[in-house]
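S.K.: The structure under discussion is supplied below as C-alpha cells; questions concerning it will follow.
The values are calculated or read from the model by the stated rules, or taken from the named source; none is laboratory data. Worth saying up front: this structure is predicted, and the values here are computed from it rather than measured. Here the Cβ positions follow ideal geometry from the backbone for every residue, glycine too, while neighbour counts run over all protein chains shown. For accessibility, only protein heavy atoms count, side chains too; no ligands or nucleic acids. Shrake-Rupley method; radii C 1.70, N 1.55, O 1.52, S 1.80 Å.
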Amino acid sequence: MKKIKLIVLGLLLVGAFSCKEAKKEQEQSTEAQAATETYSLVQDSTKVSFTAYKTTEKLPVGGKFTKINITKAGEGDSPIAALDGTEFSIPVSSLFTNDATGTRDPKILEFFFGVMENTELISGVFNISEDNNYFIDVTLNGNTATIPLTHKAVSDTSLVFDGVMNLEEWDALDAVASINKACEALHTGKDGVSKTWSEVAVHAEVLLQKN
C-alpha cells in the first residue's frame, strides 16, 4: 500500500513538472514570436487630405490627393518604427476637391501649383526625432521644409497624422496671391475683403500590416 502511494505521488509530481515545463515553453514561444514580429506599410493604402481656408472668416475648403506613391518603405518592431524613413511622392494632378461645378480643381492646378517650380510632384519623407517627435520633410516649389505632426492610433495597425503647413516656408506666397486673384469673388467674405490663407491643415491615414 505504501508503495502504491509513493508511485501515485511520483506520477503527480511528474505531471505537475511536465505542465510547468509546457507552460514555460509556451510563454517562451509567445515571447519569441513577439520579439520577431514586425510591421510594414500596406501599399496603396495611405490617404492624404487637406483643408485650405478662404475669406477673413477662415472658411474651410477641403480636398484630397487620390494617388500617393510610396517610393521607399521599410519594417519596424512597431507601427511607428516601420514608418521611420518612409519616402513618398504625390502627383498634384491627382487633386480632388469634390467641386460640383468642376471648375475649382483646374483653377488650383493652374493658378496655384502652376505658378510654382517643379510642381508635378509633392515629395517628402517621414521622420522620427531622437526625442520621439514625428514630422515630414516636404519638398514643394523647389524648397524643403518641415511639418511637425501629431498622431493617434486608431488600432494596432492603423494610424492617423495631422499637421499644419505654412506656405511661406516653401516660398509659396506668390502662389497664394495667384489663386486668390483667380478666385477673388469666391474668396470675398461679408466684409468685402478677398483672402486666401497661407495656412493649410494636412491629414494622413496610414494602414500597416503585421509580418
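S.K.: Output the residue which, of all residues in the stretch 166-207 that are free of Cβ contacts under 8 Å to residues at least 40 places away in the same chain and aliphatic (A, V, I, L, M), is farthest from SER89 (Cα to Cα).
M.R.: ALA185
S.K.: Select from the stretch 174-201 the residues that are of a type in the set (Gly, Ala, Ser) and assigned to a strand (DSSP E or B) and write down the one among them that is farthest from the chain's Cα centre (by Cα).
M.R.: Across the stretch 174-201, the extreme among qualifying residues is SER194.
S.K.: If THR55 passes every condition in (1) without any contact (Cβ under 8 Å) to a residue 40 or more places away in the chain; (2) in contact with a His (Cβ under 7 Å, 6 or more places away or on another chain) but one, which one does it miss?
M.R.: With respect to (1) without any contact (Cβ under 8 Å) to a residue 40 or more places away in the chain; (2) in contact with a His (Cβ under 7 Å, 6 or more places away or on another chain), THR55 is out only on (1).
S.K.: Same structure again: For ALA100, which of the numbered conditions (1) over 20 Å from ALA52 (Cα atoms); (2) of a type in the set (A, V, I, L, M); (3) exposed (fewer than 15 other Cβ atoms within 10 Å of the Cβ); (4) without any contact (Cβ under 8 Å) to a residue 40 or more places away in the chain fails to hold?
M.R.: (1)
S.K.: Test ILE80 against the criterion of being over 30 Å from GLY189 (Cβ atoms), assigned to a helix (DSSP H, G or I), at pLDDT below 95 and open to solvent by less than 70 Å² (accessible area, probe 1.4 Å), and give yes or no. Don't jump to the end; show me each part of the working.
M.R.: Working: over 30 Å from GLY189 (Cβ atoms): yes; assigned to a helix (DSSP H, G or I): yes; at pLDDT below 95: yes; open to solvent by less than 70 Å² (accessible area, probe 1.4 Å): yes.
Criteria met by ILE80.
S.K.: Just one of the numbered conditions (1) open to solvent by less than 70 Å² (accessible area, probe 1.4 Å); (2) not in a strand (DSSP E or B) is not true of ALA153; which one?
M.R.: Unmet condition: (2).
S.K.: From LYS72, LYS67, grab the single residue that is open to solvent by 70 Å² or more (accessible area, probe 1.4 Å) and more than 25 Å from LYS210 (Cβ to Cβ). Spell out how you get there, then give the answer.
M.R.: Working: LYS72 fails: more than 25 Å from LYS210 (Cβ to Cβ).
Selected residue: LYS67, the only one of LYS72, LYS67 that is open to solvent by 70 Å² or more (accessible area, probe 1.4 Å) and more than 25 Å from LYS210 (Cβ to Cβ).
S.K.: Now, a different point. Tell me, which residue of the stretch 102-138 that is touching an Asp or Glu at 6+ places or on another chain (Cβ under 8 Å) and among the polar types (S, T, N, Q) is nearest to ASN166 (Cα to Cα)?
M.R.: Filtering first and then ranking leaves SER123.
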